[in-house]
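Student: Mind having a look at this structure? Questions to follow.
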Amino acid sequence: MANAAIAAGTARPVKYRSMSRDRRWAMRWSYFFLVLFVIFFLTPPLYMLITSLKSSGEISAAINPWWVYDPTLSNYKELLGQNQYLVFFRNSALVSVCVVIITMLISVTAAFALARMKFWGSATLAMGVFLTYLIPDTLLFIPLFKMFAFVRDTTGIELLNHWWTLIIIYPTLTVPFCTWIMIGYFASIPKELDEAALIDGATWMQALTKIFIPVAIPGIIAATIFAFTVSWAQFLYPLAFTTSTDQLVLPVGIVTTLIKGDVFNWGQIMTGALLGAAPPLIIYAFLMDYYIAGLTAGATKG
Amino acid sequence: MAQVTLRKVVKKYDEVLAVRGIDLDITDKEFIVLVGPSGCGKSTTLRMIAGLEEISDGDIAIGGDVVNDVPPKDRDIAMVFQNYALYPHMNVYENMSFGLKLKRTPRAEIERRVKQAAQILDITDLLDRKPKQLSGGQRQRVAMGRAIVRDPKVFLFDEPLSNLDAKLRVQMRTEIKKVHQKVRTTTVYVTHDQVEAMTLADRVVVMNAGLIEQVGSPNDLYHTPTTKFVAGFIGSPAMNFIPCQLEQAAGALRMRLNDKLSMPVPASRTKRYSSFAGKPNLVLGLRPEHITETRPHTEPDQHDFDMAIDVVEPMGMETLVYFTINAAEICGRVNPNAGAAAGQPMKLRADLSNMHLIDDTTGKVL
Amino acid sequence: MADIAAPTATAVAGNRRSGLHKFVQRRSTIAFLMALPLILLISILVVYPAGYAVYLAMLNKSMTKFVGFGTFEFILKRQVFWDVVYQSCLFAISAVIFKAIIGFIVAHLVHNIPLKGQRKWRGMLLVPWVIPPAMSTLAWLWLFDPSYSAFNWILAHFGIGPIPWTGEAGWARFCVILVNIWAGAPFFMIMYLAALKSVPEQLHEAAAIDGASWLQRIWYVNLPMMRNIIAITALFSLIVTFANFDIVRVLTAGGPLNSTHIFGTWSFKVGIESGDIPQGAAVSLFMAPILAIAAAFILRDISRRGSEV
């Protein structure tokens, strides 16, 4: 047999590792560590869920906290039954939806102008947009606070302590990044489409609505998701600018009202937190690819 | 000793057989070329020799040792990729010395080998540059330099010239041949271009659909193909295939091409073909250079006939004429001064001493 | 037909030409108008407040008169401030380092498994980044609860005494850094994974043939080619972690004894809770130099990205 002939010619001993065995072990170790990391990343949300299903008796009992012995939906019923939580949810939803609409209107039009229509200063403006994203809310909230007070003193319009004020401010957090994402998407659409549309008799606005937006839909979805998630999760601005209970949005509402003095109603807090985390999570579950595309597009499409 | 042996090698992707069992013996210092249309399995075979693909069945041995399960880095091979695969963040010197550096070769030795390889390839003044500063041809030379420096048992080339423009390709072809003459290392070269195969190879392996059609020297493949595929693949313009019938009449063997045209079988072949008379699905294979204009002196086994020319392609040193027999387009090569003109009849001569008779049902040359 | 069509064609062409001409001239104005909302938004609600913050920082506490750098000097003399500086830098630097390492490792792990399965693993691993930080920090707060910590319950089985977590300065800082890492590592993982996928497979094959082990391939092929993304992501995250608010506020509220305060939370405490707006503004302005330096590096790296093949 030829194989024997080949084997007989071997004089030196085999001292190299087996390729297929290495590959199999690499897979096993990969999955092992992946499981460890997944445990690390998913423990807090899972624990939120576990706690939310416990009665307060069970929470304070000295038993295994990682298991629900007597699951109950009482936390959910109490929380959703009381008006307050629903008000938080409503405020958050209204703010987020309005902010998303405003953001997309501003971002898409601006991105189109910056990416496509070269005008004086467009490059610097694009860079400027990016830079403002790096000015954090922790630097701006104090002057904004004073500015709102000033508006109240001069015009009598009360901006503080109204949830709809947030609709004005949140776009500063969402518009720069969304514009940046959209610029990247628009820039990747070939210029010949412009010219073809123009020759076909379209105005710029028609070109935008009939040609670009359909092609840029993935980017638009990604930007919308981003705008929504950021609005929903905002904590500092509402904490600084809204104080009355009925004006609070969800993150602030949960943190401030459910912690009454020294008594922490953990069952309800976790339930509230979980429900508060639900909208972004649900969107993420269904639109995960757009989510990720938005993230990576922002950084890699420079 | 760096011979490469393949025994019943099979490659299976899920349910698809990319390589269906090939046997090949490559001798030491030989330059062997695997050629075939895309999808024939030549690249897959090369990558199995390299260790970049796992072997589904069969054995591959390099230098006498079976290497099925040996990782690429331990096989003592070097590979030149179609896209060069140069490390973009390293300069040419670092690219070429990378393999040696990993083996912890002393710096003086590395320098000596790199300089030597750079000299062979004429890239000594490029050593400081980064790949993005090089042209396609230069990058390819650096890729070869990287392979030479390692002084491996086998060189593997995976369609290295496909990314270059036509002129550069011809140039680099010669370079590769020169390098092989200087650095006598066993080389396995994969290409889809049969001209490259013919000009570079000591032996050519024609592959088709995962199997080897024929192995032989370029001359053998050109003049004595064993299958219709090889006959039609090698040579440009391709061999003409004319369906015909073998008739035995009055003790002489003739090939009837259509009701107006029949040609006599050369006497030297009568014995060989006589048993196939009357067999269906026979095809006459004749290369374009064996269909010429008529000349004053007639050799034996040459047959003259008249044909209406469809298309004329002047190539400068010759003119290609195209005509139709039995709905098959036939190509002939005539002298530019022979007066060939489209739509005009012309007297042509077939040199049947170079004919091939093919059984179309089996694809074999009889 | 032809003689009717011809004059009409030229007439239309003429109209179009002049229309287009005027259009091109007006194009810049239209473009500018389209970008105007963006410009207004940024100017009024970002640029102006930033400048206003500088002005505010130079007023006295009741905001009646101008005191120049007086507030800044006052802050620089307070020990608390230097604690805040130290803590902000500590959190930012250590969190980013670990986020980068974890992100790098996990990206390679995900890249290593067959493509079909990658999506669901990636999906699970990104969850911390999707949950609003305030919400997830509440979960951590509960996990770190001094009396009921679920972690302490597990540790008790190994005989390790109950850890005070957020109750003690050293542990509190650890907790803040840990939560930061937990929330931010997925972002790094996604970025690095995208960068990994853009490294041509042939480079790995060439390196494998050249004799590189998997570790050497990561070091010599992946790392250099990902250098740019690594830098940009790290700088971004430095800025975000440095200017963080949510995590510290919910987890420790700056305590115990101001040991976990960072610029954001301290300026909130001083400016909003204690009502000293100028001091709050001044504190937050101290972030500016770091942010500017990081921004400059980011800019340089992004433009470098364009020139790399």
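The values are calculated or read from the model by the stated rules, or taken from the named source; none is laboratory data. Bear in mind the structure is a predicted one, so any value in this text is a computation, not a measurement. Cβ: placed from backbone, ideal geometry, glycine included. Neighbour counts: every protein chain shown. Surface areas here come from the heavy atoms of the whole protein model, side chains and all, with no ligands, DNA or RNA. Shrake-Rupley method; radii C 1.70, N 1.55, O 1.52, S 1.80 Å.
Student: What translational diffusion coefficient, in µm²/s and rounded to a whole number, does the Stokes-Einstein relation yield for region A:83-185 at 25 °C and a viscosity of 0.890 mPa s, taking the hydrodynamic radius as the Kirkwood radius over Cα pairs? Show your work: numbers first, answer last.
Tutor: On the way: Rh = 15.4 Å.
Reported coefficient: 159 µm²/s.
Student: What is the ratio of the Cα radius of gyration of region B:1-144 to 2.2 N^0.38 Å, where N is its residue count, to two decimals?
Tutor: Working: Rg = 17.4 Å, N = 144, 2.2 N^0.38 = 14.5 Å.
Cα Rg divided by the expected 2.2 N^0.38 Å: 1.20.
Student: Under 26 Å from the Cα of A:Lys210, which lysines turn up, not counting those fewer than eight places away in the same chain?
Tutor: Leaving aside lysines fewer than 8 places away in the same chain, those within reach of A:Lys210 are A:Lys118, A:Lys191, A:Lys301, C:Lys22.
Student: Please report how far the C-alpha centroid of region C:229-245 lies from that of region A:53-128, rounded to the nearest whole angstrom.
Tutor: 22 Å
Student: OK, next. Taking the Cα centroid of region C:79-125 and of region B:90-159, what is the distance between the two, rounded to the nearest whole Å?
Tutor: Region C:79-125 and region B:90-159 have Cα centres spaced 38 Å from each other.
Student: Given region C:185-294, what whole percent of its Cα pairs are spread farther than 24 Å?
Tutor: On the way: 2890 of 5995 pairs.
The answer is 48 percent, as a whole percent.
Student: Also: Just to confirm the filter: which chymotrypsin sites (Phe, Trp or Tyr not before Pro) across region B:11-86 are DSSP coil and have at most 15 other Cβ within 10 angstrom of their Cβ? Could the numbers behind the result be given before it?
Tutor: Details: sites: B:Tyr13, B:Phe31, B:Phe81, B:Tyr84; in loops: B:Phe81, B:Tyr84.
Sites meeting the loop and neighbour criteria: none at all.
Student: What distance in nm separates the two pseudo spin-label positions at B:Asp122 and C:Val67, each 7 Å out from Cα along the beta-carbon direction?
Tutor: 7.9 nm
Student: Additional query: For chain C, what ratio Rg/Rh do Cα atoms give with a Kirkwood hydrodynamic radius? Write out the running numbers ahead of the final one.
Tutor: On the way: Rg = 27.3 Å, Rh = 23.9 Å.
Rounded to two decimals, Rg over Rh is 1.14.
Student: Sticking with this one: How long, wide and thick is the protein assembly as shown, going by the Cα atoms along their three principal axes, in whole angstroms, largest first?
Tutor: 124, 92, 60
Student: Starting from the Cα of C:Ser213, move 7 Å in the Cα-to-Cβ direction to define the label point; list residues of region B:76-101 whose amide nitrogen is under 18 Å from there.
Tutor: B:76, B:99-101
Student: Still on this structure, please answer the following. Can you give me the Rg/Rh ratio for region B:196-345, using Cα atoms for both radii and the Kirkwood formula for Rh? Numbers along the way, then the final one.
Tutor: Numbers: Rg = 16.9 Å, Rh = 17.2 Å.
When Rh is taken as the Kirkwood radius, the ratio is 0.98.
Student: What is the percent carbon and sulfur in the accessible area of chain B, measuring with a 1.4 Å probe over the protein chains and ignoring ligands? Could you put the intermediate results ahead of the total?
Tutor: Values: 7770 of 16100 Å².
Carbon-and-sulfur percentage of accessible area, whole number: 48.
Student: Can you give the % of DSSP beta bridges in the protein assembly as shown that are antiparallel, to the nearest 5? Numbers along the way, then the final one.
Tutor: Values: 65 of 83 bridges.
Around 80 percent antiparallel, to the nearest 5.
Student: Still on this model: Estimate the FRET efficiency between A:Thr72 and A:Ile101 by the formula 1/(1 + (r/R0)^6), using the beta-carbon distance for r and 41 Å for R0, to the nearest 0.05. Write down the numbers at each step before the final one.
Tutor: Values: r = 39 Å, r/R0 = 0.96.
That pair, A:Thr72 with A:Ile101, gives E of 0.55.
Student: Just list whichever of B:Lys29/B:Lys364; B:Lys42/B:Lys228; B:Lys279/B:Lys364 have alpha carbons separated by over 21 Å in the model shown. Intermediate results must be reported in sequence, preceding the final value.
Tutor: Details: B:Lys29/B:Lys364 31 Å; B:Lys42/B:Lys228 19 Å; B:Lys279/B:Lys364 14 Å.
Distance filter (> 21 Å) returns B:Lys29/B:Lys364.
Student: Summarise the long-distance tail of P(r) for region C:132-174 by giving the % of C-alpha pairs beyond 15 Å. Please list the in-between numbers first.
Tutor: On the way: 402 of 903 pairs.
Beyond 15 Å sits 45 percent of the P(r) for region C:132-174.
Student: How far apart, in nm, are two points set 7 Å out from the Cα along the Cα-to-Cβ line at A:Glu195 and at B:Ala209?
Tutor: Label at A:Glu195, label at B:Ala209, 4.7 nm between them.
Student: Considering only DSSP states other than H, G, I, E and B, which trypsin sites (Lys or Arg not before Pro) in region B:212-279 qualify as loop sites with at most 14 other Cβ atoms within 10 Å? Numbers along the way, then the final one.
Tutor: Details: sites: B:Lys228, B:Arg254, B:Arg256, B:Lys260, B:Arg269, B:Lys271, B:Arg272; in loops: B:Lys260.
Counting only loop positions with at most 14 other Cβ atoms within 10 Å, the trypsin sites (Lys or Arg not before Pro) in region B:212-279 are B:Lys260.
Student: So which DSSP H runs in chain A come out at 20 Å plus along the axis (Cα) with average Kyte-Doolittle of at least -1.0? Don't skip to the end; give the middle numbers.
Tutor: Working: long enough: A:19-52 (49 Å, 0.74); A:83-116 (49 Å, 1.50); A:137-155 (26 Å, 0.84); A:171-187 (23 Å, 1.23); A:217-233 (24 Å, 1.76); A:266-300 (42 Å, 1.06).
Qualifying helices: A:19-52, A:83-116, A:137-155, A:171-187, A:217-233, A:266-300.
Student: To two decimal places, what compactness ratio does chain A give when its Cα radius of gyration is scaled by 2.2 N^0.38 Å?
Tutor: Working: Rg = 27.2 Å, N = 302, 2.2 N^0.38 = 19.3 Å.
Cα-based Rg divided by the globular estimate yields 1.41.
Student: While we're on this one: Give me the number: length gained by fully extending B:Ala342 to B:Ser135, i.e. 0.36 nm times residue separation minus the C-alpha to C-alpha distance, one decimal in nm.
Tutor: Working: separation 207, 0.36 × 207 = 74.52 nm, distance 4.33 nm.
Net length gain for the segment: 70.2 nm.
Student: Give me the distance in nm between label points sitting 7 Å out from Cα along the Cα-to-Cβ direction at B:Asp259 and B:Lys115, one decimal.
Tutor: Using points 7 Å along Cα→Cβ, the separation is 8.1 nm.
Student: Turning to a different aspect of this structure: Just in region B:45-107: which trypsin sites (Lys or Arg not before Pro) are loop by DSSP and have at most 10 other Cβ atoms within 10 Å?
Tutor: Numbers: sites: B:Arg47, B:Lys73, B:Arg75, B:Lys101, B:Lys103, B:Arg104, B:Arg107; in loops: B:Arg75, B:Lys103, B:Arg104.
Answer by residue number: B:Arg104.
Student: With loop defined by DSSP as not H, G, I, E or B, and exposure as at most 12 other Cβ atoms within 10 Å, which is the longest segment of chain C clear of exposed chymotrypsin sites (Phe, Trp or Tyr not before Pro)? All intermediate terms of the calculation are to be shown ahead of the outcome.
Tutor: Values: sites that count: C:Phe69, C:Phe158.
Answer from the scan: C:159-309.
Student: Additional query: FRET efficiency for B:Ala166 and A:Ala93, Cβ-Cβ distance as r, R0 = 56 Å, nearest 0.05? List each step's numbers first, then the result.
Tutor: Numbers: r = 64 Å, r/R0 = 1.15.
Between B:Ala166 and A:Ala93 the formula returns 0.30.
Student: So if R0 is 51 Å, what FRET efficiency would B:Asp202 and A:Ile217 give, r being the distance between their Cβ atoms, rounded to the nearest 0.05? Present the calculation step by step, with values, prior to reporting the outcome.
Tutor: Working: r = 57 Å, r/R0 = 1.12.
Efficiency, from the Cβ-Cβ distance: 0.35.
Student: Counting only trypsin sites (Lys or Arg not before Pro) that sit in a DSSP loop (anything but H, G, I, E, B) with at most 16 other Cβ atoms within 10 Å, what is the longest stretch of chain C containing none of them? Write down the numbers at each step before the final one.
Tutor: Details: sites that count: C:Lys61, C:Lys65, C:Arg78.
Result for the longest clean stretch: C:79-309.
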